[in-house]
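These notes are about the structure you will find just below.
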Amino acid sequence: MADTLFLDDWDALTRERDTRFSATLDRVFAYHPFYKDLLTRARLRRRDISGVADLVKLPVTTHKDYLANPAGFVLAWPEAASAEESIVWDVMHTMQASGPPAPFVSTTYDFLNILALNRNMLRLRGTLQSDSILNLFPLTRHPHGAFARAMNAAAAYNIPVTAAMPGASNARQPDIGNPLDEVVAIAARSCATILWGVPSYIRKMVARAEELGVMLPHVRLVFVSGEGFAAAARSDLIDRLKRLGAKEPKISVSYGASEMQGGMVECAPGTGFHNPAPDQFCFEAVDPDTHKPVPDGEEGLILLTHLDRRGTVMLRYALGDVARLTRERCPHCGALTERIIGTPRRTGGFVKIRGRLIDPQVLSDALAGETAVADFQAVVEKEEEGDVLSRDRLRIKIAPDGKPDETLSRRLAERVKTAIGIRPVIELTTAEDPMLAVRGWAMWPLVDLRKKKRR
């Protein structure tokens, strides 16, 4: 079978895609509750869609559509259906800034594809057969895929993995879950060459290793996902790892999506986020208002289509981000696949504070550029709790890296004011602060408490 990441041209890839997509479409028209209804209302019949070139005929599916009825996106198989296609292997959940997460169903058929996807992610990131992974994702109440898929990726690549199990121990099973110092000890004795987790926790773990004098000389790769990661933060983490004995550590950032059960990844910094399974997923960029395709390389709303799924299936699903998408072959690794160039930005993710629209990622990048910050959480609230007419307040809790100097609060306030035009209230705290400690595996840099307190 041809390696679909490195085919000779787009015609060859399109033929491979159309074969898989045709089989998926047969099942969507027969068994998909949401799309059967949507396509009927759109007066589209099976013969109207022959392949990926006809995707533009389909309406865009929104996150709101999915959240309204997640079960409606799961193929409703008849009793006589193939066991591989219909047996549920696992159920993960999408990440939500607020509200309950939505279930995402994978069948036995899908799980094999998930293994192939995660294997390709490791290939693109430069993983060797001699590597080993330290999984720094925590267990979460709702399975989101991060912890499990890191384990699955190692299995698919036939390399060792150690689960550090960071987080508070479980009251029912107190031996499950490790505090930060134990995670540092696990990192040292595992001799893992790859650290994989969210950047804020990896940075916290590496900073603690420095404090304890624990060396990590085997680390050569760091895989980060789940949060924004500015260039200054990347440089800082590399410098810290070098001080711990790592020779030439490299950091690979991913653009993850629960709807992929994986993510688009860099082959090298600055090369863009590659679709690692072009036989499984098709990405488009469209005008956010008209939903018409935009030219290659121009900014547009990113859409995802499942070409080869049998559990939860989505067609032209808006991931909620605007970015530049290119179909040019990667000049660094040679992969022929869609790539997101630059940093995606969230649509509708702006928060209005004192009449000014604030991009949380800009705030996050401003704080990440200060190496004295180990962790943070920003909130917007009313100065007078319960009074909707009182002034908005931006408050940022900062866990310093080591003992802070007396100018830290002033520097951070000025840095944030320069970045977003609003001077925050800075509160110095510790990593054990409940607001920092109780978050899930992916942090939301700016939480709006005004809405919550009016409920």
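Where a number appears in this text, it was derived from the coordinates with a stated rule and is not lab data. Source: prediction; values computed, not measured. Methodologically, a virtual Cβ is constructed for each residue, glycine included, from the backbone with ideal geometry; neighbour enumeration extends over all protein chains shown.
Using a 10 Å cut-off around each Cβ, can you sort Met314, Met165, Met435 from fewest to most neighbouring Cβ atoms?
Details: Met314 23, Met165 19, Met435 15.
Ordered by Cβ neighbours within 10 Å, fewest first: Met435, Met165, Met314.
Diffusion coefficient of segment 351-452 by Stokes-Einstein, Kirkwood radius over Cα pairs, 37 °C, 0.692 mPa s: 235 µm²/s. Taking amide H atoms as placed 1.01 Å from N in the peptide plane, the amide H of Arg310 lies under 5 Å from those of Thr107, Asp110, each 5 or more residues away in sequence or on another chain. With contacts taken as Cα pairs under 8 Å at a separation of at least 6 residues, the chain carries a relative contact order of 14 percent. At most 15 other Cβ atoms within 10 Å and a DSSP loop assignment: could you name the GluC sites (Glu not before Pro) in segment 1-97 that fit? Of the GluC sites (Glu not before Pro), the ones in loops of segment 1-97 whose Cβ has at most 15 other Cβ atoms within 10 Å are Glu79. Computed 3J(HN,Hα) for segment 311-316, one whole-Hz value per residue from the Karplus formula 6.51 cos²θ - 1.76 cosθ + 1.60 where θ = phi - 60°, is x, 6, 10, 10, 10, 6, glycine and proline marked x. Rounded to the nearest whole Hz, the Karplus-based 3J(HN,Hα) values (6.51 cos²θ - 1.76 cosθ + 1.60, θ = phi - 60°) of segment 90-95 follow the sequence 7, 10, 9, 9, 6, 7, with x at glycine and proline. In this simple spin-label approximation, Glu383 and Lys403 carry label points 7 Å from Cα along the Cα→Cβ vector, and these lie 3.5 nm apart. In the chain, the DSSP-assigned H stretches of four residues or longer account for a calculated mean residue ellipticity at 222 nm of -9000 deg cm²/dmol, using -39500 (n - 2.57) per stretch and the full residue count as denominator.
Using just the Cα positions, wrap segment 67-154 in a convex hull and report its mean projected area in square nanometres, one decimal place. Show your work: numbers first, answer last.
Values: hull surface 29.4 nm².
Computed as one quarter of the Cα hull surface, the answer is 7.4 nm².
Residues whose amide H comes within less than 5 Å of that of Gly320, counting only those at least five positions distant or on another chain, are Ile302 (H built at 1.01 Å from N in the peptide plane). Model label sites at Ile238 and Thr326, defined 7 Å from Cα along the beta-carbon direction, differ in position by 2.0 nm.
Each Lys and Arg adds +1 at its Cβ and each Asp and Glu adds -1 at its Cβ; summed about the Cα centre, segment 126-256 shows a dipole of about 140 debye.
Output the antiparallel fraction of DSSP beta bridges having both residues in segment 351-452, as a percent to the nearest 5.
Values: 12 of 19 bridges.
Antiparallel: roughly 65 percent of the beta bridges in segment 351-452.
Separation of the alpha carbons by more than 27 angstrom is noted, of Lys352/Lys403; Lys242/Lys403; Lys250/Lys417; Lys397/Lys417, for Lys352/Lys403; Lys250/Lys417. Across all C-alpha atoms in segment 1-56, the radius of gyration and Dmax reach 13.4, 39 Å. Taking the longest Cα principal axis of the chain as reference, the axis of helix 231-243 is set at about 70 degrees. Per-residue Cβ neighbour counts within 10 Å put Cys330, Cys191 in the sequence Cys191, Cys330, beginning with the fewest.
For trypsin sites (Lys or Arg not before Pro), the sites in segment 239-347 that DSSP calls loop and that have at most 10 other Cβ atoms within 10 Å are Lys247. For segment 118-144 versus segment 11-37, the inter-centroid distance based on Cα atoms is 29 Å.
Any chance you could run the full-extension gain for Arg345 through Leu212? It's 0.36 nm times the residue separation minus the Cα-Cα distance, nm to one decimal. Don't jump to the answer; show the numbers that get you there.
Details: separation 133, 0.36 × 133 = 47.88 nm, distance 3.72 nm.
Taking 0.36 nm per residue and subtracting the Cα distance, the gain is 44.2 nm.
Taking Cα atoms only, the orientation of helix 199-212 departs from the longest principal axis of the chain by about 40 degrees. Distant-in-sequence amide contacts of Leu7, defined by a placed amide H-H separation under 5 Å and a gap of 5 or more residues or a different chain, comprise Leu336. In terms of other Cβ atoms within 10 Å, Phe21, Phe29 run from fewest to most in the order Phe29, Phe21. Phi angles across segment 128-133 convert, under the Karplus curve 6.51 cos²θ - 1.76 cosθ + 1.60 with θ = phi - 60°, into 3J(HN,Hα) values of 9, 5, 8, 7, 9, 10 Hz, Gly and Pro given as x.
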